[in-house]
Amino acid sequence: MLVDGQFKHSLWGGRKENRIMEDKNENWKTKSPLAECVRKMYENRENNGDVTIRVAKEGVEIKAHRFILVCRSTVLSTMLEDKDDITTDVLTVNDVKKVTFEQFLEFLYTDKTIVTMENIEELLLCADRFKTKLLIELCTVSLSKLVTFRTICEMTRISERFKEKEMIKICLQIFIILRKESLPEMFFSEEFFSMCPSCIHKIVEDDQIFAPEEVIFNQVILWSSTECCRQNLAVTAENQRQILKHILPEIRFPIMEHQFLNDVVCASEILTRDEKINILRQQLDTREKKRGSTQSIFRLEENGSRKPLISRGVPNNFIRLYINTQDHSSSHRSLF
């Protein structure tokens, strides 16, 4: 009897524990708001999910609920509806990591997930592929908290990859804030030389950038050498010119010191003879009009005008100090 009693006690104790677990499940099902219940569905999807998602990249499977997939993504809904075998709900996704797709699922269930510099591009890839606009908006909102001087180029590249205009706009707004603290030192940083061409273009075209044109030109030329190497191109004036095709027109050559034009710009052999003549003419014209009041600006492919020609807020004595500290080996070389 003692043994049976102990057995009976253990048996009933086990049933009691099961009832407690069932009660807990019933508690969140009956007492929690809808959002919390759906969150619980996400957490328990491996136990009761009715759709299997095969992550081909890692050869693993993830469970989910058909209802969530159908109502949250038109792409996933179509994938389920177009299946040849309607008796098994197995979807295959390619080029996505398991951890990323789980975060994507978390967002589908809850409208929330943690966005970081490490996962934002993958999340945007999922959002773009499965047409989840709300996830793109979450990434866009998170962007302003993630971007720093060191990461702005990467974030701009990601934004342009997915053609997200709002994200690009935020990157530019943040750059405007960062430039006040980091320029012209930024032009001498490792981050500058690792930037993509589109980022360099956005920096150089900025009207309010606080750096002399001489510094901008020198560092952009050095950057183009690095970019040639990245693209497995020989470092030649022709290749550099091709890389700088859209960047050179934004450099305001006419407001440079004549000595710098003569000693450095000519020596680089980046510009053609006609372009150098055009620069010199505009420089002379600028001086006659008391520099800064003219609308003329040097263009490689077109003659046009933009905002008044300015020295981007840099005092002339700063420019002269910079020029005087440079070692120009061709100090007596003519501009032509």
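The table that follows gives values for the structure above.
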quantity: Near pairs, Cβ below 7 angstrom, 6+ apart or cross-chain, from the stretch 142-164 (under 13 Å from L125 (Cα atoms)) to any residue that is of a type in the set (D, E); calculated: I158/E121; F162/D128
quantity: When residues of the stretch 258-275 are limited to those that are of a type in the set (A, V, I, L, M, F, W, C) and under 12 Å from N218 (Cβ atoms), the one nearest to the chain's Cα centre (by Cα); calculated: I270
quantity: Among (1) surrounded by fewer than 17 Cβ atoms within 10 Å (Cβ to Cβ); (2) touching a Cys at 6+ places or on another chain (Cβ under 6 Å) - the single one K98 does not satisfy; calculated: (2)
quantity: Qualifying residue in the stretch 253-260 (condition: touching a Ser or Thr at 6+ places or on another chain (Cβ under 7 Å), among the aliphatic types (A, V, I, L, M) and at pLDDT 95 or above); calculated: no
quantity: Residue match in the stretch 147-169 (condition: surrounded by 18 or more Cβ atoms within 10 Å (Cβ to Cβ), outside the structural domain of I68 (by TED's automatic domain parsing) and of a type in the set (S, T, Y)); calculated: yes
quantity: Given (1) under 25 Å from T148 (Cα atoms); (2) at pLDDT 85 or above; (3) crowded, with 19+ Cβ neighbours inside 10 Å, number of the condition L183 does not satisfy; calculated: (2)
quantity: Members of the stretch 111-137 that are in contact (Cβ under 8 Å) with a residue 24 or more places away in the chain and assigned to a helix (DSSP H, G or I); calculated: I120, E121, E122, L124, L125, C126, D128, R129, L134, L135, I136
quantity: Near pairs, Cβ below 8 angstrom, 6+ apart or cross-chain, from the stretch 201-230 (over 17 Å from V264 (Cβ atoms)) to any residue that is of a type in the set (F, W, Y); calculated: K202/F175; I203/F175; D206/F175; T226/F193
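Let's see how each residue does on (1) outside the structural domain of E191 (by TED's automatic domain parsing); (2) assigned to a helix (DSSP H, G or I); (3) touching a His at 6+ places or on another chain (Cβ under 7 Å); (4) crowded, with 22+ Cβ neighbours inside 10 Å:
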residue: C229; (1), (2), (3), (4): no, yes, no, no
residue: L233; (1), (2), (3), (4): no, no, no, no
residue: E238; (1), (2), (3), (4): no, yes, no, no
residue: Q242; (1), (2), (3), (4): no, yes, no, no
residue: K245; (1), (2), (3), (4): no, no, no, no
residue: D263; (1), (2), (3), (4): no, yes, yes, no
residue: K276; (1), (2), (3), (4): no, yes, no, no
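The values are calculated or read from the model by the stated rules, or taken from the named source; none is laboratory data. It should be emphasised that the depicted structure is a prediction, and the values quoted were computed from it without experimental measurement. Heads up, the Cβs are rebuilt from the backbone with ideal geometry, glycines too, and the neighbour counts pull from every protein chain shown.
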